[in-house]
Amino acid sequence: MRRGREESKVNEERGSLVLLSGPSGAGKTSVCERLLRTPEVVRAITATTRPPRPGEVDGEHYFFLDDAAFREGIEGDRFLEWAEVHGRLYGTPREPLERQLDSGRTVLLSIDVQGAEALMDRGVSALYLFLEPPSIEELRRRLEARGSDDEATIELRMRNALAELARKDRYDHSVVNDDLDRAVAEILELIQQAEERT
Ligand code: 5GP
């Protein structure tokens with residue numbers, strides 16, 4: 001997020017990758033939406049085999065693929081990482097991400113914790129951010145408030161969240177999503193600091 005520089009200069013430099021992960025219910029979607037209001041920040045579009053939700057557009061929210069096309073992508077090594085999340089396949093296509101980075105933008109990649117760890121293990125250079133719910137009680141409240149999951153699914157998500165929270169030390173920073181404005185401001189500051197160091 002190279003603020004205050006001329007457009008021509010921006011495009012000469014390769015952009016930086018910001019990875020945002022954390023348990024479901026931590027608020028990644030709201031945080032991403034807010035970060036994307038910053039013009040220098042673009043979102044990496046990932047691929048999934050889950051069906052689109054109402055209002056979701058192919059190539060904008062996700063690349064919606066069927067199982068065969070996704071498997072073909074895995075075999076062709078076209079994903080930087082992929083994972084099965086809640087019974088569906090999700091993966092980060094390499095090529096569009098590389099193109100976004102080449103354009104000099106700050107590329108925001110919001111993926112699940114397994115995917116983030118796969119990128120760390122592969123030595124992919126990024127600013128690794130973990131988004132934390134303010135408390136376990138608040139996480140349960142948020143998952144229940146969504147109204148989209150039954151009790152068993154909420155219990156599963158809570159168990160997964162506890163296991164994921166235990167691994168937050170692997171990230172460059174953990175940001176507590178206690179208040180959306182505050183968390184977004186903290187993340188923008190962390191991105192700015194990281195980009196100034198490179
Ligand atoms: P949803 O189906 O609610 O859009 O996303 C479910 C989870 O999958 C979220 O935690 C989201 O961040 C994650 N996700 C989205 N795209 C990818 C991806 O390309 N790779 C991985 N590992 N997780 C992803």
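The values are calculated or read from the model by the stated rules, or taken from the named source; none is laboratory data. Computed from a prediction, not measured in an experiment: that's the story for all the values here. Using ideal geometry, Cβ is built from the backbone for each residue, glycine included, and neighbour counts are taken over all protein chains shown.
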(request) Kindly establish whether T153 is modelled with pLDDT under 90, among the polar types (S, T, N, Q) and within 13 Å of the ligand (Cβ to nearest atom). (result) yes
(request) Kindly indicate whether any position in the range 46-65 is closer than 20 Å to S125 by Cβ, more than 9 Å from the ligand (Cβ to nearest atom) and out of contact with any helix residue (DSSP H, G or I) (no Cβ under 9 Å at 6 or more places or on another chain). (result) no
(request) Tell me, yes or no, whether the range 101-111 has at least one residue that is within 10 Å of the ligand (Cβ to nearest atom) and either closer than 27 Å to E155 by Cβ or among the polar types (S, T, N, Q) (or both). (result) yes
(message) Against the condition over 29 Å from I191 (Cα atoms) and among the acidic types (D, E), how does E132 come out, does it pass?
(response) no
(request) Note down all Cβ pairs under 6 Å where the first residue falls in the range 107-123 and is over 21 Å from E40 (Cβ atoms), the second is more than 8 Å from the ligand (Cβ to nearest atom) and of a type in the set (A, V, I, L, M), and they're at least six residues apart or on different chains. (result) A116/L19
(message) If I ask for residues that are surrounded by 15 or more Cβ atoms within 10 Å (Cβ to Cβ) and part of a helix (DSSP H, G or I), which ones from the range 60-76 would you list?
(response) F70, G73
(request) Among the residues of the range 84-112, write down those that are modelled with pLDDT under 95 and part of a strand (DSSP E or B). (result) E84, V85, R88
(request) Can you tell me which residue among D67, D58, D121, D102 is in contact with a Pro (Cβ under 8 Å, 6 or more places away or on another chain) and charged (D, E, K, R)? (result) D58
(request) Test S174 against the criterion of being surrounded by fewer than 19 Cβ atoms within 10 Å (Cβ to Cβ), among the polar types (S, T, N, Q) and under 16 Å from the mean Cα position of the chain (by Cα), and give yes or no. (result) yes
